[in-house]
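These notes are about the structure you will find just below.
The values are calculated or read from the model by the stated rules, or taken from the named source; none is laboratory data. Owing to the predicted nature of the structure, the values given are computational and were not obtained by experimental measurement. For neighbour counting, all protein chains shown are included, and Cβ atoms are generated from backbone atoms with ideal geometry for every residue, glycine included.
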């Protein structure tokens, strides 16, 4: 069953066409990989999906409901959670607090309840903390609860952002280059971790990735983008052999 | 350096004990302090702590550089004084009304401000402070203008009035403790976390599910409510108010104290006020130049702070973006 469908999305910035009539849909439980050269519109697509940018044309349906003009926090509330290519962690907080923040949607934010510290509020706070701890442990950072983000290594911050996203209890998780800047071993570890989480939380995943061989093992289906357009869509095995893909990545004559 | 300080911070239980002892020590102060003068200084310091707490919610927790909080203090003071003197409203109600008027005005003012870039917010709040001053100074029928309003009744309720310095002291202390408990509970929970998320990274906060605009307006509302409530206490404690008590210079002082003590820190709030109000006021008779030189001293302290301890004396964690921006503006502070 189609969970998310984007129909004819277009977006341009001051005349630069970032996305041209892109249609992409995902089925519940599937992992969709998106590859493409730099500037091909992958991240713009994510930004539109998560409500940070508004599409010039086209619409996005989540389970048949139109979310094209929904602000980011409402999209998040409907279960679409994302990570960022360049990491957007909260620098003024510890690792655990970062993950707790990821669960904001679940927390009771009633003003008077917070002041009165009702039993319900206290319980929710304790549960939120435990859930966040579990998420942090899941990504292998259980020992770094009190570390500030600046005290973590790059790989650890990538994991931390993943933990924060998982604590948002996503139905659809958008991962923007989860393995950027990592060597093949580290990248393999991260994707293994993501695969485990996909299994456990029954996630639908959309993953932007540069590392084609890694993605080919991991994704059910791959979309290749180039210059703001969807170039090819298909099974990983077919896509990596497609002449147009090779041309986009390596230039003409390489095949 | 931040790590060392973090590890030096006492364990939660010890910290609770320390706070309790501190409050007890404050409470018995009127019984041991020699004379009214010292009591006045501590009372004044506590009142300013309320203002700076309001400033700190907007600037420290939610990360918005507002430079007009004194206008909200003044708005609260005038609301409360006019309500009690002209309409016979009991002080507790007038104080709440003062907070509400300032809080709602602040929230409304913030809505158009949030549409402009963060740096413009400072300009808009400065302008608001100036407008408030001009209105208070010229609306003779309502405020008596520059002559001010003398003979303001003391705080009190139900036929009782806090007339002695000791009674006033305890009343102010009780209010300050109550407000610290409330702000502590707000800032440690999901609401405070949402403010910090916005401060650290608005975009990430939005995609996590935080209604960024909503929480910014809420921060303004709560921060200005505190300033307005504090303004009511200020007016009824000083027994006199005039427009020049709420000028832009006063706003700058509030901002300086919040940064100096530590943004998003409650003990830091108290420390900042202690350094900038209690010490100069205590030395007022022996060293009168201290009050005059206060803005200069504050400026020098802030520059040193930005270089050596950018999170404020008691602030922990990473450099907040607000300070990073300020620091980047320094000729030698650009390199991290």
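Listed values, structure above:
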item: Checking residue A:37 against (1) in contact with a helix residue (DSSP H, G or I) (Cβ under 7 Å, 6 or more places away or on another chain); (2) buried (at least 22 other Cβ atoms within 10 Å of the Cβ), the condition it does not meet; result: (2)
item: Set A:127, A:106, A:145: member being on the phi < 0 side of the Ramachandran plot and within 11 Å of another protein chain (Cβ to nearest Cβ); result: A:106
item: From the options B:184, B:230, residue that is closer than 27 Å to residue A:89 by Cα and either touching a strand residue (DSSP E or B) at 6+ places or on another chain (Cβ under 9 Å) or more than 7 Å from every other protein chain (Cβ to nearest Cβ) (or both); result: B:184
item: Test: residue A:64 is in the same structural domain as residue A:22 (by TED's automatic domain parsing) and within 21 Å of the chain's Cα centre (by Cα); result: yes
item: Number of the condition not met by residue A:248 [criteria: (1) farther than 24 Å from residue A:11 by Cβ; (2) out of contact with any helix residue (DSSP H, G or I) (no Cβ under 9 Å at 6 or more places or on another chain); (3) at pLDDT below 90]; result: (1)
item: Among (1) at the interface with another protein chain (Cβ under 9 Å from one of its Cβ atoms); (2) assigned to a helix (DSSP H, G or I); (3) more than 17 Å from residue A:175 (Cα to Cα); (4) touching a residue at least 24 places away in the same chain (Cβ under 8 Å), the one test that residue A:74 misses; result: (4)
item: Of all residues making up region A:79-103, the number that are over 29 Å from residue A:67 (Cα atoms) and at the interface with chain B (Cβ under 9 Å from one of its Cβ atoms); result: 5
item: Number of the condition not met by residue B:148 [criteria: (1) on the phi > 0 side of the Ramachandran plot; (2) loosely packed, with under 13 Cβ neighbours inside 10 Å]; result: (2)
item: Selected residue [free of Cβ contacts under 8 Å to residues at least 12 places away in the same chain and over 24 Å from residue A:177 (Cβ atoms)] from A:61, A:96, A:14; result: A:14
item: The one condition in (1) farther than 22 Å from residue A:49 by Cα; (2) not assigned by TED's automatic domain parsing to the domain that holds residue A:42 that residue A:196 fails to fulfil; result: (2)
item: Total residues in region B:190-217, condition assigned to a helix (DSSP H, G or I) and without any contact (Cβ under 8 Å) to a residue 24 or more places away in the chain; result: 13
item: Set B:63, B:76: member being touching a helix residue (DSSP H, G or I) at 6+ places or on another chain (Cβ under 6 Å) and within 30 Å of residue B:160 (Cβ to Cβ); result: B:76
